[in-house]
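Visitor: Have a look at the structure that comes next, please.
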Protein chains: 2
Amino acid sequence: MNFAKLSIREFVEKVSDKSPTPGGGAVSALVGALAASLIEMVANLTLSRSDYSDWHAEMERIVSTMQEKRTILLDCIDLDVKAFDQVMSAYRLPKNTVEEKEKRSQAIQESLKQAARVPYETCRHLKEILKQAVAVAQWGNINAISDVVSAAELAEGAFNSAKANVLINLKSLKDEKFKENLLHELKTFTGEVEGALKSVREITAQRADIRV
Amino acid sequence: MNFAKLSIREFVEKVSDKSPTPGGGAVSALVGALAASLIEMVANLTLSRSDYSDWHAEMERIVSTMQEKRTILLDCIDLDVKAFDQVMSAYRLPKNTVEEKEKRSQAIQESLKQAARVPYETCRHLKEILKQAVAVAQWGNINAISDVVSAAELAEGAFNSAKANVLINLKSLKDEKFKENLLHELKTFTGEVEGALKSVREITAQRADIRV
């Protein structure tokens with residue numbers, strides 16, 4: 001399924017129905033794509049202003065990075081749904097014999113790893129998006145500064161949301177080394193995300209007197 | 001324009017291009033609709049479990065409220081874009097004579113009020129969504145608890161994002177009474193949003209040991 005082809009209304013309805021997919025992980029990826037798009041828009045609105053020409057090279061780089069991020073994050077919607085469906089399939093495998101039980105347990109463990117990896121990747125991209133938001137808050141077109149605040153606030157919400165989806169999938173995982181690595185990375189990302197959001201808030205308070 | 005009819009990919013592209021609409025206000029409304037949908041999904045997943053029957057009446061009420069909220073918030077996307085376009089049109093009115101200047105100034109003030117009202121309404125709905133998230137975190141299907149965390153974290157991000165859009169539009173507004181009222185309401189909402197998010201985090205830490 002390619003969810004990005006659905007209309008917004010269809011997607012919202014698919015989220016709300018009693019099927020568990022698309023769920024929080026998929027929605028986090030979509031919100032990440034929207035946050036990247038807002039930053040890309042502000043970078044574009046800065047490129048169309050000649051009085052910001054000192055920052056045009058930086059804004060071109062940001063446009064290109066955000067295009068890449070939003071493309072990847074739209075793909076993460078599908079990957080997240082697929083990963084969750086595979087966890088469900090693994091749990092439905094037969095468990096009548098010792099061999100079946102072993103096979104089922106392995107399938108569950110493998111599927112949980114992938115179900116943790118996808119929102120982990122979403123978190124990693126969101127952390128990068130928030131770092132770029134700081135540059136756009138500082139050097140972007142002042143007329144669009146509220147859009148940078150929106151991007152940063154939404155990206156932080158999506159980061160926490162995706163993080164919850166990593167954590168829930170790690171819970172039943174037995175590979176301690178895998179868990180430890182992801183939790184360590186997430187901790188680092190969290191610090192970077194909080195720092196970037198704080199910077200965006202401080203810069204916009206200073207440049208435009210907006211205090212969320 | 002009915003933005004909810006666009007595909008997700010088309011909408012994301014429209015956000016990212018150099019036109020200032022759809023911007024942060026419109027995206028906040030969409031993320032609000034997505035958060036409402038996630039809560040509705042968890043309420044539906046609770047209704048399909050007979051062992052949660054004590055909470056079925058409450059969950060039915062929540063499904064109905066979330067359906068209403070997501071419908072309203074999808075409409076807010078269009079309202080936000082329209083309000084912003086009217087601010088732009090007002091600024092483009094002629095200002096050659098004293099009469100024209102006066103007319104333009106009035107049009108700007110009126111359009112700014114509407115451009116503040118729409119994200120203010122988005123904030124008000126998001127505050128309600130977050131309150132319902134607390135009930136679903138507490139009494140909803142435990143298997144979908146990470147989706148409630150996602151909904152709450154995304155709703156808080158969307159609230160802050162919409163709030164930034166109210167604040168930016170209030171900045172050039174001269175009607176002090178109007179400003180004061182909206183700022184007072186926003187302050188109350190902010191406290192309620194922070195309290196609800198804190199409750200969702202505490203409940204999910206307790207019920208499922210997830211700590212974002």
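Just so you know, all these numbers are worked out from the coordinates, no wet-lab data involved. It should be emphasised that the depicted structure is a prediction, and the values quoted were computed from it without experimental measurement. For neighbour counting, all protein chains shown are included, and Cβ atoms are generated from backbone atoms with ideal geometry for every residue, glycine included.
Visitor: Inside 10 Å of the C-beta atoms of A:27-37, what's the mean count of C-beta atoms belonging to other chains?
Guide: Partner Cβ neighbours, averaged per residue: 6.
Visitor: In addition: Checking the table B:Lys69/B:Lys163; A:Lys14/A:Lys113; A:Lys131/A:Lys187 against a 21 Å threshold on Cα-Cα, which pairs fail?
Guide: Cα-Cα > 21 Å for A:Lys14/A:Lys113; rest within.
Visitor: Using a 10 Å cut-off on Cβ to Cβ distances, tally the other chain neighbours for every residue of A:41-50 and report the average as a whole number.
Guide: Per-residue shielding by partner chains comes out at 3.
Visitor: Which chain A residue hugs the A-B rotation axis most tightly by its Cβ, and what is that distance in angstrom, to the nearest whole number?
Guide: A:Gly157, 1
Visitor: Here is a further query. Around A:Trp139, under 15 Å between beta carbons, what's the net of Lys plus Arg minus Asp minus Glu among the other residues?
Guide: Values: positive: A:Arg49, A:Arg61, A:Lys131, A:Arg207; negative: A:Glu40, A:Asp51, A:Asp54, A:Glu58, A:Glu60, A:Asp147, A:Glu202.
Once positives and negatives cancel, what remains is -3.
Visitor: Using a label position 7 Å from Cα in the Cα→Cβ direction, what is the ascending list of nm distances from A:Glu10 to the same site in the other copies?
Guide: Its label point is 1.1 nm from the equivalent points in the other copies.
Visitor: Where the label is 7 Å out from Cα toward Cβ, how close does A:Lys174 come to the same position in every other copy, in nm, shortest first?
Guide: Spelled out, the distances from A:Lys174's label point are 7.4 nm.
Visitor: I've got another one for you. State the Kirkwood hydrodynamic radius of chain B in Å, one decimal place, computed from all pairs of distinct Cα atoms.
Guide: One decimal place: 18.4 Å for the Kirkwood radius.
Visitor: Please give the net charge around B:Met1, taking every other residue with its beta carbon less than 15 angstrom from that of B:Met1, where Lys and Arg add +1 and Asp and Glu add -1.
Guide: -3
Visitor: Right, next: Please identify every one of the trypsin sites (Lys or Arg not before Pro) in the range B:106-212 that sits in a loop by DSSP and has no more than 14 other beta carbons within 10 Å of its own beta carbon.
Guide: B:Lys171, B:Lys174, B:Arg211
Visitor: Which residue, B:Thr71, B:Thr97, B:Thr21, has the most motion in a Gaussian network model of chain B that connects Cα atoms within less than 10 Å?
Guide: Comparing B:Thr71, B:Thr97, B:Thr21 in a Gaussian network model of chain B, the most mobile one is B:Thr97.
Visitor: Any chance you could give the angle, 0 to 90 degrees and rounded to 10, that helix B:98-139 forms with the longest Cα principal axis of chain B?
Guide: In chain B, helix B:98-139 runs at an angle near 0 degrees to the longest axis.
Visitor: Right, something else. What FRET efficiency, computed as 1/(1 + (r/R0)^6) with R0 = 25 Å and r the Cβ-Cβ distance, is obtained for B:Asn143 and A:Lys187, rounded to the nearest 0.05?
Guide: Efficiency, from the Cβ-Cβ distance: 0.45.
Visitor: Where the label is 7 Å out from Cα toward Cβ, how close does A:Glu99 come to the same position in every other copy, in nm, shortest first?
Guide: Shortest to longest, the spacings are 9.5 nm.
Visitor: Would you mind telling me which residue in B:Gln132, B:Gln106, B:Gln114 has the biggest mean-square fluctuation in a Gaussian network model of chain B, where springs connect alpha carbons within a distance under 10 angstrom?
Guide: Most flexible of the set in this elastic network: B:Gln106.
Visitor: Which number do you get for Rg(Cα) / (2.2 N^0.38 Å) in the protein assembly as shown?
Guide: Cα-based Rg divided by the globular estimate yields 0.99.
Visitor: Grab the DSSP H runs of chain B that are 4 residues or longer, score each as -39,500 (n - 2.57), total them, divide by all residues and round the 222 nm result to the nearest 500 deg cm²/dmol.
Guide: One gets -29000 deg cm²/dmol as the mean residue ellipticity at 222 nm.
Visitor: Continuing with this model, one more query. Pick from A:Gly32, A:Gly191, A:Gly157: which is most flexible by mean-square fluctuation in a GNM of chain A where alpha carbon atoms under 10 Å apart are linked?
Guide: A:Gly191
Visitor: Using a 10 Å cut-off on Cβ to Cβ distances, tally the other chain neighbours for every residue of B:141-149 and report the average as a whole number.
Guide: 5
Visitor: Still on this model: What FRET efficiency comes out for B:Glu176 versus A:Lys101 if R0 is 60 angstrom and r is the Cβ-Cβ distance? Round to the nearest 0.05. Mind dumping the intermediate values first?
Guide: Details: r = 71 Å, r/R0 = 1.19.
The pair B:Glu176/A:Lys101 has a calculated efficiency of 0.25.
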